1. Using a Förster radius of 25 Å, what is the FRET efficiency between residue 108 and residue 286 based on their Cβ-Cβ separation? Nearest 0.05, please.
2. Measure out, as a whole number of angstrom, how far apart the alpha-carbon centroids of the stretch 43-65 and the stretch 99-164 sit.
3. Which residues' amide hydrogens lie under 5 Å from the amide hydrogen of residue 92, considering only partners 5 or more residues apart or on another chain, with H built in the peptide plane?
4. Among residues other than residue 148 whose Cβ falls under 14 Å from its Cβ, what is the net charge (Lys/Arg +1, Asp/Glu -1)?
5. Helix 136-150: angle to the longest alpha-carbon principal axis of the chain, degrees 0 to 90, nearest 10?
6. For a test of the definition: using alpha carbon positions, the gyration tensor, and the 1.5 limit on a/c, classify the stretch 53-209 as rounded, prolate or oblate.
7. With 20 Å as the limit, write out which pairs from 153/309; 169/312; 12/107; 34/116; 212/312; 12/34 have Cα-Cα distances beyond it, or answer none.
8. Give the long-range amide H neighbours of residue 157: residues separated by 5 or more places, or on another chain, with amide H under 5 Å away, using H modelled in the peptide plane at 1.01 Å from N.
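What follows draws every value from the coordinates through simple rules; no lab data is involved. Model, not experiment: these values are computed from the prediction. Positions of Cβ are backbone-derived with ideal geometry, glycine not excepted, and every protein chain shown enters the neighbour counts.
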Amino acid sequence: MINRKQLLEHAKAQHATDIHICAGAPILFRLGGKLVPITKEKLSAEQSKEISLDLLNEDQKNQLEKNLDFDLMLAEGTGRYRVNVGYFNGAVGSTIRILPTRPRTIKELSLPDVVKDLTKKTKGLVLITGSTSQGKTTTMSAMIDEINSTSQKHVITIEDPIEYIHTNKVGIVRQREVGKDTQSFYSGLRAALRQDPDVIAIGEMRDYETIKIALTAAETGVLVLSTLHVISIDKIIERLLSYATATDESQLRFLLAESLQGMIHQELVPTVNGKQRVCCEVLIITNAAKNIIRRKGGYFLRTIIETGKKLKMVTMTQSVTNLLEAGTISEGVAKAVLSNYQ
């Protein structure tokens, strides 16, 4: 049976993003967005358990038995990995995310220039949105790296878990992990406001109290970066309002309108050479956008993007078309992505 070191090194050599250990299936690597088997034989329940438990120490194994799930960060050699071990239909399995050894840059991710402009904001909220596993954390990390590389600013991050390690450059970056350095996103954010930040990066806004404090901080002179699970920019208002009570809706709309600077909504798409690239739409908040946020549904924000070329706004159609014309993605991929933005 393949041991832990061999498995992790092989995944890194293949440029896999994830490893799946599952009873009744071969070991699977996610390559270019697709799951690819790397063993011929399917794993038995015992083999899946053996490989998965090899990722844990004795205390962690006890925690798994107690909670039936366990998350950890694993450092092995020169690599870092985010690991989840859990029970699936009675059998132990695991998922391992291979983390880059350093943050990617905005240029390396081929993000539009307007993303760099957003990192120069001195206050307000910038949201990176998308569904699960669309590279939101990677984009936020690239924005932090841009600030760290160009500005004498104090950046505080609150993450669960820490995926990219930042080293101090022109500025300083202090990273806090939920459960290790702070109790929660909410408590970490409250503490950050007393730690003289210029920028606060929140791994994910998960509850109403965190959202409200983040918006308040953004309105009062701190640049706040965060991610949010949402399927498109025009769903952003209803997504945020879903966290609030009916009596708080008008206050949340007001705070959002006053503090929001821009949104980057992105998808990872497979390229013709078997890798992945980001395609994105970017909204810059104008007075018209503020009025929409205060009074209307998010559907009208799409009109702002479509007419905002002078402000460097980017539509998803434009982003996908650029990749298609460059020969980076296939016509089939382009049609599949754009079918959700008609």
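1. 0.25
2. The stretch 43-65 and the stretch 99-164 have Cα centres separated by 34 Å.
3. Answer set, sorted by chain and number: 49.
4. The answer is +4.
5. Between the helix axis and the principal axis of the chain, the angle is about 60 degrees.
6. prolate
7. Flagged as over cut-off: 153/309; 169/312; 12/107; 34/116; 212/312.
8. Here the answer is 174, 175, 176, 201, since their amide H atoms fall under 5 Å of that of residue 157.
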